[in-house]
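Have a look at the structure below, then the notes.
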Amino acid sequence: MAGVVVGDDGLARPAWAAHDPLLRDYYDTEWGLPVTDEQGLYERITLEAFQAGLSWATILRKRPAFRAAFDGFDPDVVAGYEDADVARLMADAGIVRNLRKIQAAVTNARATIDLRGDGGLAALVWSFRPADTPRPRVFADIPTTSAESLALSKELRRRGFVFVGPTTMYALMEAVGIVDTHLVDSHRRGTSGVWPD
């Protein structure tokens, strides 16, 4: 399997982020950087759930429409959504119209609010940071789950969240900097401030 691809700008990236300008910009400026606020993590959990079975590029292209449709992913607003809001979202061609995933976004907003009395979503998610992080040289070296993503999935489900399976939670952990799965030769390796290279 492939290692890094050096772009015309001289920077080394994984193949998935090497060609599409949108994915390249996301990789260079956002993916793997720490997200430690409630709203940011709620958004990422919601988008990771919508991504299941689809490409991340599809979700990323639709993210502005998702943000508009879901009131900026404000958990307090989404938690108050009723049947009319679900119907509105199901009619919105700008997002992924999947009833179970839309309902999950509402369920997870309510669960996010419920967590506030017990430390909050960010503290819970980040409490599953492992003692070490992978150091992949090629894409095939990158895990898709871990003991910590399994435990996080289990705990979130216990707290009322849905669409938070261990693979989805591992993708979340990668995206928000809890683990660093940048390839060791990538220009982004070790840039999160969470893990040394």
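Can you sort Asp9, Asp76, Asp185 from fewest to most other Cβ atoms within 10 Å of each residue's own Cβ?
Working: Asp9 9, Asp76 12, Asp185 15.
Listing Asp9, Asp76, Asp185 from fewest to most nearby Cβ atoms yields Asp9, Asp76, Asp185.
Okay, which of the range 80-97 sit inside 19 Å, backbone N to the point 7 Å along the Cα-Cβ direction of Arg110?
Label zone hits: 80-90.
Hey, rough spin-label estimate for Val6 and Ala91, points 7 angstrom out along Cα→Cβ, what's it come to in nanometres?
5.5
Please sort by residue number the GluC sites (Glu not before Pro) in the range 1-95 whose DSSP state is loop and whose Cβ has at most 11 other Cβ atoms within 10 Å. It would help to have the intermediate numbers written out before the result.
On the way: sites: Glu30, Glu38, Glu43, Glu48, Glu82; in loops: Glu30, Glu82.
The qualifying sites are Glu82.
Each label point is 7 Å from the Cα along the Cα-to-Cβ direction; what then is the distance between the points at Phe139 and Leu22, in nm?
1.8
Can you sort Arg116, Arg13, Arg67 from fewest to most other Cβ atoms within 10 Å of each residue's own Cβ?
Working: Arg116 11, Arg13 23, Arg67 14.
Starting with the residue having the fewest Cβ neighbours, the order is Arg116, Arg67, Arg13.
Tell me, what HN-Hα J-couplings in whole Hz come from the Karplus equation 6.51 cos²θ - 1.76 cosθ + 1.60 at θ = phi - 60° for each residue of the range 12-29, using x for Gly and Pro?
Once θ is set to phi - 60°, the couplings for the range 12-29 become 8, 9, x, 4, 5, 10, 8, 10, 5, x, 5, 5, 5, 5, 4, 5, 6, 10 Hz.
Specify the inter-centroid distance of the range 23-45 and the range 57-72, based on alpha-carbon positions, in whole Å.
So the two Cα centres are separated by 13 Å.
Between Ala104, Ala68, Ala17, find the one with the highest GNM mean-square fluctuation for the chain; connect C-alpha pairs within less than 10 Å.
With Cα springs under 10 Å in the chain, the top fluctuation among Ala104, Ala68, Ala17 is at Ala68.
Tell me, what HN-Hα J-couplings in whole Hz come from the Karplus equation 6.51 cos²θ - 1.76 cosθ + 1.60 at θ = phi - 60° for each residue of the range 155-168, using x for Gly and Pro?
The phi angles translate into 5, 5, 4, 4, 8, x, 7, 10, 6, 10, x, x, 5, 4 Hz.
When a footprinting reagent is the concern and you count Cβ atoms within 10 Å, what order do Trp31, Trp16 take, fewest first? It would help to have the intermediate numbers written out before the result.
Numbers: Trp31 22, Trp16 17.
The order, fewest Cβ neighbours first, is Trp16, Trp31.
May I ask you to derive the relative contact order of the range 60-197, considering only C-alpha pairs under 8 Å and at least 6 residues apart, and to give it as an integer percent? Walk me through the intermediate numbers first.
Working: 149 pairs, mean separation 26.7, N = 138.
Once divided by the residue count of the range 60-197, the mean separation gives 19 percent.
Name the residue, out of Arg135, Arg97, Arg158, whose mean-square fluctuation peaks in a Gaussian network model built on the chain with Cα pairs under 10 Å.
Of the options given, Arg158 has the highest mean-square fluctuation.
Roughly how many nanometres apart are two label points built 7 Å out from the Cα toward the Cβ at Asp118 and Glu155?
Those two pseudo-labels are separated by 1.0 nm.
Rule-based calculations on the coordinates, nothing more; no lab input. All values reported here derive from a predicted model rather than from experimental measurement. Because the Cβ atoms are built from the backbone with ideal geometry, glycine has one as well, and the counts that use them run over all protein chains shown.
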